[in-house]
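For reference, the structure discussed in these notes is given below.
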Amino acid sequence: MDWLSIGLMIFLGLGTFGTFVTVFTLLAPKQDEREQIVDVTARRFKSSSSFSRLQPENKWTDRLAVFCLNTFQLERPLEEMHLQMGSPIYPQPVNILYWKIVWAFLLPAIFILLFRSMGFILLMPLGFYLPDVHYKSKIQKRQAEILGNFSTTVDLAALIIESGLDYLTAFERIISVAKVKTVLEEELDKTINEIRLGYSRREALERLANRTGVQEVRSLVGLIIQSDELGTSLVDLLRNFSTDLRSRRMSLAEKAAAQASTKMLFPLFFFIFPTIFILILSPMLKGLFSQGFSF
């Protein structure tokens with residue numbers, strides 16, 4: 001690879017990245033100045049986020065990370081992604097950002113080396129968003145685990161509340177009798193601990209909804225907050241909510257069963273039918289080849 005090809009590759013890479021930045025900046029929604037003033041989460045972010053350890057004045061890699069962070073407005077999306085993964089020790093939001101930058105350069109470099117074509121430099125935007133697919137699949141798996149026993153937890157909470165206890169005590173009883181804590185029970189335990197540490201019930205419940213990212217949990221939180229503010233019976237609300245959950249899960253199961261026949265066409269045509277044809281035709285072809293195609 002001569003110097004002209006290297007220069008062309010750098011020029012195409014910078015041009016692609018610049019075009020990507022321009023289009024993203026034009027299409028990104030502008031944040032209201034008043035929202036920036038009243039956003040409590042944004043103020044907390046400055047001191048508690050993992051992005052605070054970036055040192056753009058000392059490292060060029062951190063300067064690139066800060067540039068991507070500010071240009072694409074990735075602070076809150078990466079924080080929410082990390083939160084909905086269960087706030088693991090690794091990866092932190094800053095690690096996710098680094099992986100996005102690495103894959104933005106690594107993916108086109110792999111294709112350029114394999115196919116000796118500079119046109120694959122256009123894959124930089126695809127590489128930048130490639131790690132999101134991996135992390136979002138983890139989030140979806142975690143959300144599926146939350147929904148696995150969600151309706152049962154709601155029913156148990158309704159039974160305990162009906163006996164005269166409040167919903168926090170109901171959640172504590174459910175957690176205490178569990179032999180192995182599920183993801184949902186761990187999140188409820190975090191909510192109870194936050195209330196003990198001084199958070200209001202409304203704020204702790206809203207944080208529960210944000211950590212899970214599940215619409216059903218958001219609906220449950222809305223019902224509990226509504227019951228607290230209006231003084232309505234929470235038992236009836238939970239029973240109706242549980243019935244609605246089961247009907248929705250049943251409709252989703254019926255929809256998945258109806259789509260199963262369509263999804264089976266691909267493996268049938270490309271894996272099962274060729275195997276059957278090979279088993280049926282191989283003895284006949286062996287006889288033809290052994291006899292020299294004499295009929």
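The values are calculated or read from the model by the stated rules, or taken from the named source; none is laboratory data. These numbers were taken from a predicted model, which means no experiment stands behind them. Glycine gets a Cβ as well: all are built from the backbone with ideal geometry, and neighbour counts include every protein chain shown.
Under the condition of being closer than 15 Å to TYR135 by Cα, of a type in the set (Phe, Trp, Tyr) and in a helix (DSSP H, G or I), the residues counted in region 80-120 number 3. When ASP244, ASP236 are screened for being more than 27 Å from the chain's Cα centre (by Cα) and either over 30 Å from LEU97 (Cα atoms) or without any contact (Cβ under 8 Å) to a residue 40 or more places away in the chain (or both), only ASP236 passes. Only one of the listed residues (LEU123, LEU156, LEU147) is more than 30 Å from VAL180 (Cα to Cα) and part of a helix (DSSP H, G or I). That residue is LEU123.
Do you know which residues across region 77-91 are without any contact (Cβ under 8 Å) to a residue 60 or more places away in the chain and either surrounded by 15 or more Cβ atoms within 10 Å (Cβ to Cβ) or at positive phi (or both)? Correct list: LEU78, GLU79, MET81, HIS82, MET85, PRO91. There is at least one residue in region 170-188 that is assigned by TED's automatic domain parsing to the domain that holds LEU252, under 21 Å from MET81 (Cα atoms), surrounded by fewer than 16 Cβ atoms within 10 Å (Cβ to Cβ) and within 25 Å of the chain's Cα centre (by Cα). Of THR232, THR243, THR275, THR262, all but one fail to be out of contact with any Gly (no Cβ under 6 Å at 6 or more places or on another chain) and outside any helix (DSSP H, G or I); the exception is THR232.
ARG249 meets the conditions (1) more than 30 Å from ASP166 (Cβ to Cβ); (2) modelled with pLDDT under 85 in every case but one. The failed one is (1).
So in region 199-215, with the set limited to residues that are touching a helix residue (DSSP H, G or I) at 6+ places or on another chain (Cβ under 6 Å) and touching a residue at least 60 places away in the same chain (Cβ under 8 Å), which one is surrounded by the most Cβ atoms within 10 Å (Cβ to Cβ)? Looking at the filtered set, the residue picked out is THR212.
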